[in-house]
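I have placed the structure first, in the form of structure tokens, so that the comments after it can refer back to it.
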Amino acid sequence: MVYVTRRAHFSASHRLYNPNFSDEQNEAIFDKCNNPNGHGHNYVVEVTVKGIPDRQTGYVIDLKELARLLDREVIDKVDHKHLNLDVDFLQGIIPTAENLAIAFWGLLQPHISSGELHSIKVYESENNFVEYLGEPVSLIRHGLLNNKGVAV
Ligand SMILES: [Zn+2]
């Protein structure tokens, strides 16, 4: 197997907030990421596809195609957005890096035309990242936030 990775960047704001917790609990658990009006991160996403290089092209997957796919299915939908408020597929989901990785897998996996999706990494900062390998987990949807970042 050969593992081929495409990296992309996006910037977005979010608020980590669980309506089942008190304001004090949210503050204690989510800290800076619980800021009522949201706050921003410069994210990095790495998508890895594994496979055997094609006998004719030598490619596992054409990286131009993977780049277009990542832009179309993920980056265009989240770049310079508020993840809680502006992104349909994240409505009601606490937008941690973990949950972003799971959601991005669901968007990309059906479109991988050659090779097999192996992993999605989401870097929320230089030193913190998560990696998702596609094992079954479900995304939990909580209440929605209104445009003031308050639970409705
Ligand atoms: Zn944050």
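Assorted remarks:
- Share of alpha-carbon pairs per 10 Å distance bin for region 2-132, given as whole %: 12, 41, 28, 13, 4, 1
- Helix 97-108 and the longest principal axis of the Cα set of the chain meet at an angle near 40°.
- GNM on the chain, alpha-carbon springs under 10 angstrom: the most fluctuating residue among 79, 71, 23 is 23.
- Convex hull volume of the C-alpha atoms in region 64-134, normalised per residue: 100 Å³.
- Among 101, 28, 67, the largest mean-square fluctuation in a Gaussian network model of the chain, built with springs joining Cα atoms closer than 10 Å, belongs to 28.
- Measuring nothing but how far apart in sequence close Cα pairs (under 8 Å, 6+ apart) lie, relative to its length, the chain scores a relative contact order of 30 percent.
- Listed by Cβ neighbour count within 10 Å, with the fewest neighbours leading, 140, 120, 93 appear as 140, 93, 120.
- Fewest-first ordering of 60, 2 by other beta carbons within 10 Å of each residue's beta carbon gives 2, 60.
- In order through region 109-115: 3J(HN,Hα) via Karplus (6.51 cos²θ - 1.76 cosθ + 1.60), integer Hz, x for Gly, Pro: 3, x, 9, 6, 8, 8, x
Bear in mind that the values in this text are calculations on the coordinates, not laboratory data. Keep in mind the model is a prediction, meaning the values are calculated, not measured. As a convention, Cβ positions derive from the backbone with ideal geometry for all residues, glycine included, and neighbour counts pool all protein chains shown.
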